[in-house]
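Presented below is the structure to which this report refers.
The values are calculated or read from the model by the stated rules, or taken from the named source; none is laboratory data. From a predicted model like this one, the values you see are computed outputs, not experimental measurements. Cβ sites come from the backbone with ideal geometry, for glycine too, and all protein chains shown count toward neighbours.
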Amino acid sequence: MEIVKRANRIGILGGTFDPVHNAHLLAAECAADALRLDAVVFIPSGEPPFKQGLATSGEHRLAMTKLACKENPRFICSDIEIARGGVSYTVDTLAAFAEAAKSARNPDSAIYFILGADAFIGIEKWREAGRLLKLVNFAVVTRPGQEEAELLAFAEGIREKYGAVVEYIPIPRLEISSTEIRARAAALAPISYLTPASVAEYINSNRLYYKAKTKEEMMEKLQKELPEKRLRHSIAVAECAVELAARFGADKEKAYIAGILHDCAKGMTKEKQRATAERYKIFPDKETLDNLNLIHSPLGAEMSAREYGAYDPSGDIQNAIKYHTVGRPGMSLLEKIIFVADYIEPGRSMVETPEIRRLAEHDLTAALIATLDAKAHYVKTDTHPLNRMTREYYINELIVRASVD
């Protein structure tokens, strides 16, 4: 074990690290400073005894811990437990370090196992506790407000019973938990400043804790959130979008999801729409705020990912929802389909609808332009610059296509 040969005074911080966060790093730094440690070894557990089958894969937890350790030259990440495989027991890991220190024959070496006061109070319930408490020294990190007298009394009993070396390290209170981070990441909420930036980026890019929902789960939530008439419309748009997707070669699954969720924010009052948009850091332009028929589109795109479990890494589903009211230049095929399907689903009976349906049988771009004009009249989307820009963009596209033909 190379680290034991290179460093005299070593701290060991084990845990699930699902994910590693700033409170872990603070505890390690305080212990390293108080005990004059040369290094602190972070050891992500293999299969945690009390979380078997529940923790994120060892590969991801190890990768995140390595990223966190890069930010401090005294921090080192070890894969000893993950590489070992199976259920991880602290006694086996500490025994390996103690044996390596003994083999190094360094009389000045010292190994400290760093753990929180809550964990230390239950130490006698750990596997082979009697042996464990004799293998290395213990550094117990405590936060302000914890019952110091009780902890000191317990530690003294452990010293007398097992001959253990126990040091107490006071650290600042930092209320962060892996559970909280996982919950926020699952909702696509910010996790900055809870964990190192590199770890936050890893979680977000890999969507580690994000849970996609099935179409049945999405529908169950929609049934609770939307009025019956709006729900019928959403179902009809989804079915129409699937037909258009089959006709023009788009992804039918995405077409259905984007269609069913395109109005997911419309079950709210205008006041709640604005409050939710603010909570999600959505700041619509002036034209959208002036026309509250439009705010549900960008808000719905965000809600489809955060609340309905329909996050699309390509962004296509979210963009189809975001631009289904005013459009935008350069729309994807799915965006065009949802835009048109929203207007021509069977329940619609505006004067222009039959003609747009006929156009959509063979020319989606022509149907899109006609829909833009119709929406400008009925929903007053012509007040939004994107509406005008989109119309101009696709009219030019038709002109270029006609000149080529």
Considering residues that are under 18 Å from HIS233 (Cβ atoms) and among the aromatic types (Phe, Trp, Tyr), the number found within region 256-300 is 1
For residues in region 103-121 being part of a helix (DSSP H, G or I) and in contact with a helix residue (DSSP H, G or I) (Cβ under 9 Å, 6 or more places away or on another chain), which is farthest from VAL4 (Cα to Cα)?
-> ILE121
Within region 347-396, restricting to residues that are free of Cβ contacts under 8 Å to residues at least 24 places away in the same chain and of a type in the set (Gly, Ala, Ser), the one that is surrounded by the fewest Cβ atoms within 10 Å (Cβ to Cβ) is SER349
Search region 63-81 for residues being within 19 Å of ILE10 (Cβ to Cβ) and of a type in the set (A, V, I, L, M), and hand back the single one that is surrounded by the most Cβ atoms within 10 Å (Cβ to Cβ).
-> ALA68
What residue, among those in region 322-364 that are among the hydroxyl-bearing types (Ser, Thr, Tyr) and under 23 Å from ILE257 (Cβ atoms), is farthest from the chain's Cα centre (by Cα)?
-> TYR343
Kindly indicate whether THR269 is touching a Leu at 6+ places or on another chain (Cβ under 7 Å) and in the same structural domain as ASN387 (by TED's automatic domain parsing).
-> no
Helices (runs of 4 or more DSSP H) wholly inside region 277-387 that include at least 3 residues being within 21 Å of PHE248 (Cβ to Cβ), of a type outside the set (D, E, K, R) and touching a Lys or Arg at 6+ places or on another chain (Cβ under 7 Å) | 333-344, 364-378
